[in-house]
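Just so it is clear, none of the values below were taken in a lab; they were calculated from the coordinates. The structure presented is a predicted model; accordingly, all values stated were derived computationally and were not measured. Here Cβ is always computed from backbone atoms with ideal geometry, including for glycine, and neighbour counts include all displayed protein chains.
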Amino acid sequence: MAVLITNQPQHNKIPTAQIRTTAETLLSLLGKAEAELSLLITDDDHIAELNRDYLGRTGPTNVIAFPMGGGDLPDIEPELLGDVVISMDTAAREAADAGYSMEERFTELLVHGTLHLLGYDHETNAQDAAEMAEKSEELLAHLRTGETS
C-alpha cells in the first residue's frame, strides 16, 4: 500500500502521520489495502485554482477527486486509485459551522473523495448518492471506533 501525502497548509494542519494512518485504515476497510492513493492537503487558494482549471468551477471547494481508473486503459495500473485534494481552510470552516473537530471533517472529506475514486457519483446518479451516503456512514463509524474489518 502506498499513501503519498503532500501536506501543504501552514495553519489548520493535521499531522502527516495521522493522515497516513487514517488513509491506510480507510483503504483496508475498502478492501484496497494494496492500492496507491495520493493526497494533497492544501488551502482555499490552491484548491480554487484546481477547481477552475480542471472542473471549470469558480471558487474553493472542500474536496476534489481525480480518479486514475476508467478511461480507455483502466487495467494498466488497477491499484492506482488516483488523487484526493482537500482544502483545510474549507474543512476548518465547515467543522466550526457543524460544531465538531477539524480532524473529523477532514476524515469525512477523505472518505468522500476516496469513494469518488472508486466510482461513486452522487452528483449525477441518485442511486449512487444513496449508496455513497450509506457507505460513507459505515466507513466513518469504523474509523471512529478504530475497527479495520
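Around S101, which amide H atoms from residues at least 5 apart in sequence, or from another chain, sit under 5 Å from its own amide H, with H modelled in the peptide plane?
Distant-sequence amide H within range of S101: zero hits.
Enumerate by residue number the GluC sites (Glu not before Pro) in region 90-149 meeting two conditions: DSSP loop (anything except H, G, I, E, B), and at most 15 other Cβ atoms within 10 Å of the site's Cβ.
Numbers: sites: E94, E103, E104, E108, E123, E131, E134, E137, E138, E147; in loops: E123, E147.
For GluC sites (Glu not before Pro) across region 90-149 that sit outside H, G, I, E and B with at most 15 neighbouring Cβ atoms in 10 Å, the list reads E123, E147.
Binning every alpha carbon pair distance of the chain at 10 Å from zero, what are the percents per bin?
11, 41, 39, 8, 0
Round to the nearest 0.05 the FRET efficiency obtained for D45 and E24 when R0 = 35 Å and r is the Cβ-Cβ distance. Before the final figure, lay out each step's value.
On the way: r = 29 Å, r/R0 = 0.82.
Step by step, r from the Cβ atoms, then E = 0.75.
Pick from D89, D43, D53: which is most flexible by mean-square fluctuation in a GNM of the chain where alpha carbon atoms under 10 Å apart are linked?
Among D89, D43, D53, the largest mean-square fluctuation in the Gaussian network model of the chain belongs to D53.
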